[in-house]
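To keep things clear, I will list the structure first and then write my remarks on it.
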Amino acid sequence: MKKLLRVLGWILGVLVVAWLGVCAYLSVRHPRVSFTAAELAMPPVPLPKGFLWGTATSSHQLEGGNTNDWTRFEAQPGAIERGETSAVSADHWNRMAEDVALMKAIQANAYRFSIEWSRLEPREGAWNEEAWARYGDLVRQLREAGITPVVTLLHFSLPLWMADRGGVAAPEFPARFGRFAAEAGKRLGPRVDLWITLNEPNVQMYMGYVIGTWPPQRKAPREALPAFAGLLRGHAAAAAALRAADPGARIGVANNLMLLEPRSRLVLTDWLAAGFLDQFWNWSFADAVRDGRARLRLPGATLDERLDGLVGSVDFFGLNYYFRYLVRMAPGSPEMVVMTPGPGPRSELGGTSPVGDSPPEALFLLMREAWKRYRLPIYVTEGGIADDQGTMRGPLIRGQVEAIQRARAAGVPVGGYFHWTLVDNFEWEKGYRPRFGLYRLDRQTLARTPAGGADVFADLAPR
Ligand code: FCB
């Protein structure tokens, strides 16, 4: 008996040591969210003159007056907080010249915006010439103001006819989206060099097909897989069409990345949960583009498929960054994991409820990891904060610029920063309460006035 206890004691001891050893190894491999002494010792280098310095917007959120899958969704009672809709938003569609002047006033030299597919092709195969002309004119105005246009083809919202056929999961989606991209390349290509085919495909898939709180409101992992593959095929078709229209086009995807860390560095299951989520959320789409192979694992459904047209389809890595989370495995909870914000200052994405924190060091680590994985130039295609009082935005911009400068000093080629966003706008299901704008929107008069942080943005512009 005594012998048995001793043996068991030994086994337990070995297991504990092994456990701690694995955790220690993982801790060394995954640095904490802070700059190392060596990184801090490197002086941040000023942003070079050609660095793209701009704001980012999306058509559905800013323009007003759209008719698409989102407007149909917004009409459902309870879909959008306080029953708000995108009907007017910031009326950008009728105020483009005014908004270009706002960009100039804060020293921007670039502008990322999306062109609204549902406006440009309201019925399948029928182009809306007036809408193409309006975007063409926006590009002309930007060029005249010395502002480099960066065009996103799909920022979540779909034409109704595409949504009715099954949206991004429909077998015909890649071809239809490719045709739209070809038209965009033909019409805008001569004056646009930088293209983003998709905004945050991971968010589109997750919100629309995994938790189902966004259109098309499906909550079925089995349907998420065709959506994921459809977005990849759509990207490949769009990239090929853009290159055919304009061989000089530079193409990327705007990826939503979060820094996901284990809540406790001593709990192996927290490491597993953080590692699984990190691969699922941050890298599965970009890895598929790099490898030409779509791989995704969801509870009860697995995808592993080779896809044509992905390898070599991107020239840069677009990085949208908002949050860092601490992750804990929680077998009792519906999602099996629980995510909590870290200890830093919180963003007020829900207006009153803080949903996450945004440490600049996390942006630094994500840029470094993306560079290590893909060896592509990086543009920070979004970074920003919901900040009604206007007190957090300035420090956030300073922190993010410092992260970029330190990354550049460490050899990561970061070529631009796009602050989300120019003017307060329709923040999807959260309506108008989260205020992300460098300009504050008066929703009655639609007047725009500089918000807290606009001065910092202007001061830090590369000169
Ligand atoms: C990003 C979206 C953008 C906006 C910001 C706050 O994830 O790309 O449309 O909603 O969040």
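The values are calculated or read from the model by the stated rules, or taken from the named source; none is laboratory data. Quick caveat: nothing in here was measured; it's all calculated off a predicted structure. Here the Cβ positions follow ideal geometry from the backbone for every residue, glycine too, while neighbour counts run over all protein chains shown. Side chains are part of the model used for accessible areas, which takes the heavy atoms of the whole protein and leaves out ligands, DNA and RNA. Shrake-Rupley method; radii C 1.70, N 1.55, O 1.52, S 1.80 Å.
In the range 110-165, counting only helices (runs of 4 or more DSSP H) that sit wholly within it, the ones holding 3 or more residues that are small (Gly, Ala, Ser) span 129-144. Only residues that are open to solvent by less than 10 Å² (accessible area, probe 1.4 Å) and of a type in the set (Phe, Trp, Tyr) were counted in the range 355-388, giving 1. Taking residues in the range 196-219 that are aliphatic (A, V, I, L, M) and open to solvent by 10 Å² or more (accessible area, probe 1.4 Å), and partners anywhere that are away from the ligand (no atom under 11 Å from the Cβ) and in a strand (DSSP E or B), the pairs with Cβ atoms closer than 9 Å and at least 6 places apart or on different chains are Val210/Leu298. Counting only helices (runs of 4 or more DSSP H) that fall entirely inside the range 1-79 and contain at least 3 residues that are of a type outside the set (Val, Ile, Thr), in contact with an Asp or Glu (Cβ under 8 Å, 6 or more places away or on another chain) and closer than 23 Å to Ile385 by Cα, the qualifying elements are 59-62.
Take the conditions (1) open to solvent by 20 Å² or more (accessible area, probe 1.4 Å); (2) out of contact with any strand residue (DSSP E or B) (no Cβ under 8 Å at 6 or more places or on another chain); (3) assigned to a helix (DSSP H, G or I); Ala227 misses just one of them, which is (1). When Gly78, Gly65 are checked against the criterion of being modelled with pLDDT of 95 or more, away from the ligand (no atom under 16 Å from the Cβ), over 25 Å from the mean Cα position of the chain (by Cα) and surrounded by fewer than 18 Cβ atoms within 10 Å (Cβ to Cβ), Gly78 stands alone in meeting it. Taken as a whole, the structure places Arg393 among residues that are more than 17 Å from the chain's Cα centre (by Cα) and open to solvent by less than 20 Å² (accessible area, probe 1.4 Å). List, please: which pairs have Cβ atoms under 7 Å, are six or more places apart or on different chains, and start with a residue in the range 366-387 that is away from the ligand (no atom under 12 Å from the Cβ) and part of a helix (DSSP H, G or I) and end with one that is open to solvent by 40 Å² or more (accessible area, probe 1.4 Å) and modelled with pLDDT of 95 or more? From residues that are away from the ligand (no atom under 12 Å from the Cβ) and part of a helix (DSSP H, G or I), the pairs are Tyr374/Arg290. When the residues of the range 423-439 are narrowed to those that are within 11 Å of the ligand (Cβ to nearest atom) and hydrophobic (A, V, I, L, M, F, W, C), which ends up farthest from Thr449 (Cα to Cα)? Among residues in the range 423-439 that are within 11 Å of the ligand (Cβ to nearest atom) and hydrophobic (A, V, I, L, M, F, W, C), the one farthest from Thr449 (Cα to Cα) is Trp428.
Only a single criterion out of (1) open to solvent by less than 40 Å² (accessible area, probe 1.4 Å); (2) under 30 Å from Gln107 (Cα atoms) is not satisfied by Pro159, namely (2).
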